[in-house]
Each structure stands twice: as C-alpha cells, then as structure tokens.
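The next block holds one structure in the form of structure tokens; read it before the comments.
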Amino acid sequence: MTALGILHPGHFAEDDYPRIEQLLGSDIRVDLVRTDAGEDAYRAGAPLGSGSAERLAEGVERLRLAGAETVVWASTCTGSPHGWEGAQEQVRTLARLAGMPASSTSFAFVHAAREIGVRRVAVGAACPEEVTGRFADFLRAGGLEVTGVRSAGTATAAQAAAWGEEEVLALARAADAPGAQAVVLPDTALHTAAHLPMLEKALSKPVLTAHQVTVWEGLRLADRRVNAPVLGTLFTREPLVQA
C-alpha cells in the first residue's frame, strides 16, 4: 500500500480525490486533509495566507498519523504567486514540517509536462486574469512555453466548483491553440477527474488538470507509477518494474 497525503485548501471539488483513488484501481490510498482556505476569493493576494507555514502545519500532523508517505500542497493560487523561488521555499518548509517528501500542485504541472514530453502548453483557468497570468509566469520559469492564456474570470472557488462537464470543456477549448502540445487547467476548485477522457478526445491532445497532477506528483515522490488511462495521458506511462 502506498499512502499519499494531500493538503487541500477548503473543500471545493475535494471529491475528485476519492474518485481518482477509485479509478487508480490498485494499492494506492489518497489521504485528504483540509486546511483553512481563508477568504474564498480569486483576487490577487487574497489566497496567499492559506499557504502559510502556520496553516500548512495544522494538517501535516494528521497526515503523519494516517501513515502518509508523501505530501502535496494542493493549490496553485498559493504556490505560483510566490514565484519560482518562493514556491520552492514553501515546499521546503512543508517537507520540514511533515518529515516526508513534499511538493505542490504548481510544481506538479511542470513535472507532469516534462513526464509526457511537452514544452508548449496552453493555460485555461476559471480564476481572474491576474491570478492566471501569475501561474503562466510560473510555468515559464519552469522551462515551459505558454502559447496562450485564457481566463474565465470567476470571482470565487465556489463558482468554479459548480461547473459541470460543459463549462469545463468550453474553457479547455477556448484555451487551446494550434501550437500547444497540451492544455493545462490549473484550478483546484474545478471538478475534472471524471472528464479527462472526454477532454483529451475533444482536444486531440493531453490535458493536465489540478487534482490529476497532484495525485501523480504524490506517486512520483513515492517512486510509483500507475497505468490508468481513464485518468489521461499522464497515467498511461508503464509502471516501474519492481525488482
């Protein structure tokens, strides 16, 4: 059994994680701990407090007691606005607090793009343009080329969490560009786990979404690969051969 620890700000779209755990269909357990998200607003600067060391520390003890082997901070709004160096320091702090390998969803997107061999990505986010733009800058700092950015401009995570398949597909299509090798949907408040096969079929290219890459990042930290095509191209890599 491999136990993955997820620190999730608030409760929006958190039900994607048990869905992903079920879809993995193997000896993978996803332990989810909610942290205080503070203000439910996408405006620039509003979400930063939810990623503070004090709030992260509140959840790591519960993950340790649950037996988690890795921990991923499931947020892009509170990772990428710090910039690349600031986000690295945030992850180092998390690893020190948790006493286990740690990462964040922001870094997970960069690592996932490298895993599937893409460098040019289009970004489609529900959040406002300024927040989306900061995330795009983060991807560029990670060595990716952002071919285009599309923002839906929703004001709160609650609004994004209420979206269904139709709205998510519309966002992905609006963000897509001919030069993009993959489409990135960074919002952790969006329900996407059930839509991945549809999204990739509609766009004819890989789609990377927040909860998908967060779980994959936890597995990467644990040196595990799981073949689960229902979770998209990212999960079609062959599992590591165990000696």
Inset, instruction - Would you please list the contacts, defined by Cβ atoms under 6 Å and residues six or more apart or on different chains, that run from a residue in the range 129-146 that is closer than 14 Å to THR76 by Cα to a residue that is β-branched (Val, Ile, Thr) and assigned to a strand (DSSP E or B)? - result: THR132/VAL149; ALA136/VAL123; ALA136/VAL146; ALA136/VAL149; LEU139/VAL146
Inset, instruction - At least 2 residues that are of a type in the set (D, E, K, R) and at pLDDT below 90 in each: list the helices (runs of 4 or more DSSP H) lying fully within the range 1-98 that qualify. - result: 53-66
Inset, instruction - Could you please find all residues in the range 164-189 being at pLDDT below 95 and of a type in the set (A, V, I, L, M, F, W, C)? - result: ALA177, ALA189
Legend entry - Residues being in contact with a Lys or Arg (Cβ under 8 Å, 6 or more places away or on another chain) and surrounded by fewer than 18 Cβ atoms within 10 Å (Cβ to Cβ) - total across the range 131-146: 2
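Would it be correct to say that ARG120 is of a type outside the set (A, V, I, L, M) and farther than 17 Å from THR233 by Cβ?
It is false that ARG120 is of a type outside the set (A, V, I, L, M) and farther than 17 Å from THR233 by Cβ.
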Inset, instruction - Answer with yes or no whether LEU65 is over 28 Å from PRO206 (Cα atoms) and buried (at least 24 other Cβ atoms within 10 Å of the Cβ). - result: no
Legend entry - In the range 5-27, the residues that are surrounded by 18 or more Cβ atoms within 10 Å (Cβ to Cβ) and out of contact with any Leu (no Cβ under 7 Å at 6 or more places or on another chain): PRO9, GLY10, PHE12, ASP16, GLU21, LEU24
Inset, instruction - State all residues of the range 167-205 that are out of contact with any Ser or Thr (no Cβ under 6 Å at 6 or more places or on another chain), of a type in the set (Gly, Ala, Ser), surrounded by 17 or more Cβ atoms within 10 Å (Cβ to Cβ) and not in a helix (DSSP H, G or I); if no residue qualifies, say none. - result: ALA182, ALA189
Inset, instruction - Output the number of residues of the range 112-121 satisfying the condition of being of a type outside the set (D, E, K, R) and either surrounded by fewer than 17 Cβ atoms within 10 Å (Cβ to Cβ) or over 17 Å from PHE138 (Cβ atoms) (or both). - result: 2
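The values are calculated or read from the model by the stated rules, or taken from the named source; none is laboratory data. All figures in this text were calculated on a predicted structure; none of them were measured in a lab. Heads up, the Cβs are rebuilt from the backbone with ideal geometry, glycines too, and the neighbour counts pull from every protein chain shown.
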